[in-house]
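In what follows, a single structure is set out as structure tokens and then discussed.
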Amino acid sequence: MSKPRNVLFITADQFRADCLGCAGADWLETPNYDRLAADGVRFSRAFASNPICVPARATMTTGNHSHKCTGSKNNNGRIRDDQPKIAEVFNAAGYETYAMGKLHYVPYQLPRLVHGFKHWMLTESGRLMRQSAENGWDIGTEEYYEYLKSVGWENYYRAHGVGNNDVRGAVSALPAEHCVDHWVADISIRHLEEHLAETPEKPFFMWTSFPKPHSPYDPPEPWHRKYDPRAVPAPLGTPELLADRNPNLRTRAMRYCWDLMSPQQIALARARYYGLISFQDAQVGRVLAHLEEKDLLEDTVVLFTADHGDLLGDFGCFFKACFPAGSEHIPLIVRAPGLPAGEVRDVLAGTEDVLPTLCELAGLAVPAGVEDGRSLAGAAREGTAVREL
């Protein structure tokens, strides 16, 4: 197989594996993700080896489990200096590297910790701003908030009053064209344009990282009415099914008052979550259409996955950081020159496989420091297993 010039790595935050039309949710509109699967290979048994935001992204970045690459299994782990890093690997191979959206590397600091990316425009849901500025606003910290200020929507990101980890359904106060996932698609397209204008002789590696459908579940109009809460599938199970298995989930339910949510409130939260997914799908379509318009899509490796899922009311719980399927089962789709189209593989795959898979599909050697990840390229071509079950 000839070496593809470019790599587009797409991630979503808190995106369940069962929330794709191509994965059986035929009532859910995800035409662009479904097109990726129709043109490529979908891995039906992909899991987050540590279904928590920061360690999952560290695992994608390094190809190693979080306790190795950060020394932590929680959200407080900095990637160690001796670890391979996805941007550095592709920099060394002559790529221009871009991070667009949510990196979620810690510690949040200035200058920003980007682990090798040459170009970036970031959003961290306000975390970096709050930690770096006494007044909660500091130019040069998070580009999305600077963008909102520039278009007259400063501080409207959460004007609905719903917190970052609040799971009650809401509606964005922002017009759709200024919502964060739309912005991530905008800046991805803009940087692709700049790349073609300024360094067309070089291949690009772009991480397009969407912050949604992570809570708050706040799609903009008219996407907030995309799904009728009276018609969406009900969550799985009841709280009693996990009561003697994971008492921490019960503690979290009480802390966040999930146990006080009525079935109707849970249905509304799920409907708004699905609205965010379809809104995001439309933004992915814009990026793919731009690649196609520039005659780049057939020369680009595209890999889509998520850091983890969301229980979304299953067993009376939300969030992640546990191992029921809603939390750890993630989508994983690969489209690349030389791969079959429309295939589904049931081999066991995980977040640690991102780096070695992208390396092999781009014609690069897998870094020696990758210990846990396995390339899925062979599995995508022939369906061969990469690890024992």
Practice problem: Determine whether region 298-309 contains at least one residue that is free of Cβ contacts under 8 Å to residues at least 60 places away in the same chain and more than 20 Å from the chain's Cα centre (by Cα). | Solution: yes
Quiz item: So which of G77, G101 is open to solvent by less than 10 Å² (accessible area, probe 1.4 Å) and modelled with pLDDT under 95?
Solution: G77
Practice problem: Could you please tell me which pairs satisfy a Cβ distance under 7 Å, a separation of 6+ or placement on different chains, a first residue in region 151-165 that is within 13 Å of G126 (Cα to Cα) and open to solvent by less than 60 Å² (accessible area, probe 1.4 Å), and a second residue that is assigned to a loop (DSSP other than H, G, I, E, B) and polar (S, T, N, Q)? | Solution: N164/S125; N164/S215
Practice problem: Could you tell me which of the residues K202, K212 is basic (K, R) and more than 22 Å from the chain's Cα centre (by Cα)? | Solution: K202
Self-check item: Checking A197 against (1) surrounded by fewer than 23 Cβ atoms within 10 Å (Cβ to Cβ); (2) closer than 30 Å to K294 by Cβ; (3) within 23 Å of the chain's Cα centre (by Cα); (4) not polar (S, T, N, Q), the condition it does not meet
Solution: (3)
Quiz prompt | Criterion (charged (D, E, K, R) and assigned to a helix (DSSP H, G or I)) met by exactly one of R158, R190 | solution = R190
Practice problem: Of the numbered conditions (1) in contact (Cβ under 8 Å) with a residue 12 or more places away in the chain; (2) within 24 Å of T70 (Cα to Cα); (3) open to solvent by 30 Å² or more (accessible area, probe 1.4 Å); (4) not basic (K, R), A365 fails exactly one; give the number of that condition. | Solution: (1)
Quiz item: Yes or no: P211 in a loop (DSSP other than H, G, I, E, B), surrounded by 20 or more Cβ atoms within 10 Å (Cβ to Cβ) and modelled with pLDDT of 95 or more?
Solution: no
Self-check item: Subset of region 336-385 (residues that are within 16 Å of T61 (Cα to Cα), in a helix (DSSP H, G or I) and either over 21 Å from the mean Cα position of the chain (by Cα) or of a type in the set (G, A, S) (or both))
Solution: E360
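The values are calculated or read from the model by the stated rules, or taken from the named source; none is laboratory data. Here the structure is a predicted model, which means the values were calculated and not measured. Ideal geometry is used to build each Cβ from the backbone, glycine not excepted, and the neighbour counts take in all protein chains shown. The accessibility values were calculated without ligands, DNA or RNA, using every heavy atom of the protein model including side chains. Shrake-Rupley method; radii C 1.70, N 1.55, O 1.52, S 1.80 Å.
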